[in-house]
Every structure is written in structure tokens, then in C-alpha cells.
1. Could you list the square roots of 5 times each eigenvalue of the Cα gyration tensor of the chain, that is, the equivalent ellipsoid semi-axes, sorted largest first and rounded to whole Å?
2. Would you pull out the residues with amide H under 5 Å of Arg67's amide H, same chain only if 5 or more places away, H placed 1.01 Å from N?
3. Could you state the accessible area per residue of the range 12-121 in Å², with a 1.4 Å probe and every protein chain left in place?
4. Of all accessible surface on the range 26-121 at a 1.4 Å probe, what whole percent is carbon and sulfur?
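The values are calculated or read from the model by the stated rules, or taken from the named source; none is laboratory data. Only a predicted model underlies this, so the values are computations on that prediction, with no experimental measurement involved. Each accessible area value is taken on the protein alone, full model and side chains, heavy atoms only, with ligands, DNA and RNA left out. Shrake-Rupley method; radii C 1.70, N 1.55, O 1.52, S 1.80 Å.
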Amino acid sequence: QVQLVESGGGLVRPGGSLQLTCTTSGMTWDHYGIGWMRQVPGEEREAVSCISNGDGGTWYADSVQGRFTVSVDEAKNTVTLQMKSLKPEDTAVYYCATPCVQNYFPDFGSWGQGTQVTVSS
């Protein structure tokens, strides 16, 4: 089975940077997309980013475009979300999930336990 574990969350000031890491196991690095979603308690989950293992194409939500970068390291079995110019509205629990196609993450997919990101002064 696919197992995903997120790490790297924490408290950061507005305008700061943070890097999240998703450590995977049981993955087949073929053509399945993998990416990130985030959720504020009481609100719907929001797709953040997805990267295709087939062609390497990436997708980002408009709210994070130009500020977030997603990448994969197959040798280390990790997926990274580099975040910069963080805003208070980026505060949420961030989840690593697979598969994905752009902003679509099916309900039957695999998810991690999540890591908290708090942007506050």
C-alpha cells in the first residue's frame, strides 16, 4: 500500500519561506500524479499543486502561483513543496496526496496525516 508522511510545517512570519516534505513508501513512480492539498478547519479542502510523473508537468492554484514550487526526488522517495512569500491566508493543514490530475484529487486516493502551517506575525 501507498504510505505518505508529511513534515516541515511550523510557524512562520508573513513574507517568510517554508519547505514541506512528503516521504513516500509503496509508490510506483510511473505516470501517477502526486501533489498537495490544504484545509482550514470547518472549510473545504483546497487543491494546491500537482506534478505529473509522466511528463513532469505541474499545476498550481491561482492563489499560490508564482510563490509555491512542487518537485519530486525519486531516489529519495520524496515530494517537496517549497513555499515563499507566505501570507496569513496560507495558514492550513497541508496534505500530500496521490493520484492527482491538475486540481483533481479523487476521494479514493492515498493521503498523509497532514502537517500544520501557520503564517502569523
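1. Values: eigenvalues 99, 40, 38 Å².
Ellipsoid semi-axes (Å, largest first): 22, 14, 14.
2. Hits under the 5 Å cutoff: none.
3. Values: 5750 Å² over 110 residues.
Result: 52 Å² per residue.
4. Details: 2330 of 5060 Å².
That share works out to 46 percent.
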